[in-house]
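Comments concern the structure below.
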Amino acid sequence: MTWAVVQQAKREHLIPIYMMEPDAQRRLRELNLDDYAELFSLDINGKPRVWGIREGRVLRILWWDPDHLVYKSEKKHT
């Protein structure tokens, strides 16, 4: 997909690192990626998410999050 398609579908969100679960923040430190302020979260049909760092037109994938555990939003997922 292009970024235009992803954005039009409203399936991407920038999530600040400080709002992520402590385990995710700890893992970013272990990977020496804690200098980023936010990560991209891509909604994959409901609960599952793909997490990554956007570098220009490329999303560097970090995690597959099938149970939406990296960032627990208030929104209920089915």
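The values are calculated or read from the model by the stated rules, or taken from the named source; none is laboratory data. These numbers were taken from a predicted model, which means no experiment stands behind them. Positions of Cβ are generated from backbone atoms using ideal geometry, with glycine treated the same way; all protein chains shown enter the neighbour counts. Note: accessible area is taken over every heavy atom of the protein model, side chains too, but ligands, DNA and RNA are not part of it. Shrake-Rupley method; radii C 1.70, N 1.55, O 1.52, S 1.80 Å.
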Tell me the carbon and sulfur percent of the accessible area for the chain, rounded to whole percent, probe radius 1.4 Å. 51
accessible surface per residue for the stretch 14-54, probe 1.4 Å, DNA/RNA/ligands not counted, whole Å² -> 58
Dividing the helical contributions, -39500 (n - 2.57) per DSSP H run of n ≥ 4, by the residues of the chain yields a 222 nm value, nearest 500 deg cm²/dmol, of -5000 deg cm²/dmol
Nearest-20 debye value, the chain charge dipole, Cβ charges on Lys, Arg, Asp, Glu: 280
Sorted by chain and number, the residues with a modelled amide H under 5 Å from that of L62, at a separation of 5 or more or across chains, are W51, G52, I53
Taking only the alpha-carbon atoms of the chain, what semi-axes of the equivalent ellipsoid follow from 5 times the gyration tensor eigenvalues under a square root, in whole Å, largest first? 19, 17, 10
Only loop residues by DSSP count here, and only those with at most 13 other Cβ atoms within 10 Å; note down the chymotrypsin sites (Phe, Trp or Tyr not before Pro) in the stretch 15-78 that meet that. Y36
Using a 10 angstrom Cβ neighbour count of at most 14 plus a DSSP loop assignment to flag exposed trypsin sites (Lys or Arg not before Pro), which longest range of the chain is free of such sites? 11-56
Please list, by residue number, every one of the GluC sites (Glu not before Pro) in the chain that is coil in DSSP and has at most 12 other beta-carbon atoms within 10 Å. E74
Label point distance in nm, D67-T2, each placed 7 Å from Cα along Cα→Cβ: 3.8
For L39, the residues 5 or more places away or on another chain with a placed amide H closer than 5 Å to its own amide H are I15, I17
